[in-house]
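**Q** Encoded as structure tokens, here's the structure I'll be asking about.
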Amino acid sequence: MIDFRYHLVSLVSVFMALAVGIVLGAGPLKEGIDVGITDQIRQLTAEKADLREQLDAADRAIAAREEWTELVAPEVVAGELAGESVVLVLLPGAEPAAADQIAETVTTAGAEVTGRVTIQDTWTAPDAEDVREAVAAELRAQTGQTPPAGEDGSVGAVLAATLAQAVVTEDGDDDASATPATAVGISALMGAGLLSGEVSGPATLAVLVAGPADPGPAAEETAAVAESLTALAVRLDVGARGAVVAGPVTASAEEGLIAAIRADPDASTVVSTVDDADLPMGRTSVALALREQADGGVGHYGIATSAEAVSPPLRQEEPDPQQEQEQEPEQPQEPQEPQEPAP
């Protein structure tokens, strides 16, 4: 058995070690510990102040760039969309204020905004599939609508084709889509709660305003929503002279519509995207991307890593030959040698 003296020696050793630690901590080592902690606090405080200064400088630089962009944007986009008309299609989650800003930019570029329509959640909600099927069946029965060549005639294709026929046109003819079938179709979409809004006539170009990516739903549901809205964007592009999907940079996240379009090998070759439309430079890119679409081009722009460039290229004006000829300096004539008089 371990006797009592062993326990006593152990306890004494513990208390002695504790006493030595207290004495050293309060005496010779105290100053070194305090100095070390104080130096660390000062260093961290200085680093925090430096980071705050860098952050403030970055914020000022961003604000200055945005202010500069707002100042020069009207000159950059002026006349780019002259003779064109634009319809705004707000997708689920899109901010109306974002659509207002885009409308202002395209108007500055010379386009006429024919109106805006808002796609309701019912367009893609899994629990509203019966509603969509009923509307599609009604449209087929009342309008005798058949899918265009290359389309499968699915519920989503019927709904997208009906909307496209009502709000866009490729040739700029305001009467091209003004048919009884079109009126019936758009009324059916609105009556079923799939759509809201108003347009004065079909537009030659379409801007689909996307909201931020929603990471909440399951992956299967998110993919289905992106597929449906991608098909809508493609259908609007087919029916018009071009279509651009514009949204904030979060829309280019993996769950977002812009990311889905850029990853789609077919949609990405016909529909343009802009992922920084919440910024002045992004809204400028929207107007330039619409012009590029009208000219037969396509591109993906913004600040996300999936973007091809920050902004579409500026259109190069062709030089005027007559103006060049007027500005061409005259060549100096060489002095003639004096002729000697004849004898």
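**Q** Checking the a/c ratio against 1.5 first, then a/b against b/c, what shape does the Cα gyration tensor give for the stretch 46-112?
**A** In terms of gyration-tensor shape, oblate.
**Q** Measuring from label point to label point, each 7 Å out along Cα→Cβ, what is the residue 303 to residue 45 span in nm?
**A** 3.4 nm
**Q** Same structure again: At residue 295 and residue 15, where each label point lies 7 Å from the Cα along Cα→Cβ, what is the point-to-point distance in nanometres?
**A** Calculated label separation equals 9.2 nm.
**Q** Output the peptides 246-255, 268-277, 289-298 sorted from most to least packed, where packing is the average of other Cβ atoms within 10 Å over each peptide's residues.
**A** 268-277, 246-255, 289-298
**Q** Beta carbons within 10 angstrom, averaged per residue: use that to sort the peptides 40-50, 160-170, 61-71, highest first.
**A** In decreasing order of mean packing, 40-50, 160-170, 61-71 become 160-170, 61-71, 40-50.
**Q** Based on the Kirkwood radius over alpha-carbon pairs, what is the Stokes-Einstein translational diffusion coefficient of the stretch 205-299 at 10 °C with 1.306 mPa s viscosity, in µm²/s?
**A** For the chosen part, D equals 122 µm²/s.
**Q** What are the ³J(HN,Hα) values, in whole Hz, obtained from phi via the Karplus relation 6.51 cos²θ - 1.76 cosθ + 1.60 with θ = phi - 60°, for each residue of the stretch 194-209 in sequence order, with x given for Gly and Pro?
**A** Taking θ as phi minus 60°, the curve returns 7, 8, 9, x, 7, 10, 8, x, x, 10, 7, 9, 10, 10, 9, 8 Hz for the stretch 194-209.
**Q** Would you mind ranking 114, 222 so that the residue whose beta carbon has the fewest other beta carbons within 10 Å leads the list?
**A** Going from sparsest to densest Cβ surroundings: 222, 114.
**Q** Another question, if that's okay. Once you have a ≥ b ≥ c as the square roots of the Cα gyration tensor eigenvalues for the stretch 82-314, tell me rounded if a/c is under 1.5, and otherwise prolate or oblate according to whether a/b is larger than b/c.
**A** Oblate shape, in that a/c is at least 1.5 and b/c is the bigger or equal ratio.
**Q** A further question on this structure: In the stretch 82-314, with Lys and Arg counted as +1 and Asp and Glu as -1 at Cβ, which of these residues, 128, 89, 109, has the Cα nearest the positive end of the dipole, that is, farthest along it?
**A** 109
**Q** Can you work out the Karplus-derived ³J(HN,Hα) for every residue in the stretch 73-84? Use 6.51 cos²θ - 1.76 cosθ + 1.60 with θ = phi - 60°, whole Hz, and x for glycine or proline.
**A** 4, x, 6, 5, 9, 3, x, 5, 10, 4, x, 9
**Q** Taking 51 Å as R0, compute the FRET efficiency from the Cβ-Cβ separation of residue 64 and residue 140 and round it to 0.05.
**A** In this case the efficiency is close to 0.35.
**Q** Could you state the orientation-averaged shadow area of the convex hull built on the Cα atoms of the stretch 249-316, in nm² to one decimal?
**A** The orientation-averaged projected area of the Cα hull of the stretch 249-316 comes to 4.2 nm².
Laboratory data are not the source of any read-out in this text; all were calculated from the coordinates shown. None of these values were measured; they are calculated from a predicted model. Neighbour counts are summed over all protein chains in view; Cβ atoms, including those assigned to glycine, are modelled from backbone coordinates with ideal geometry.
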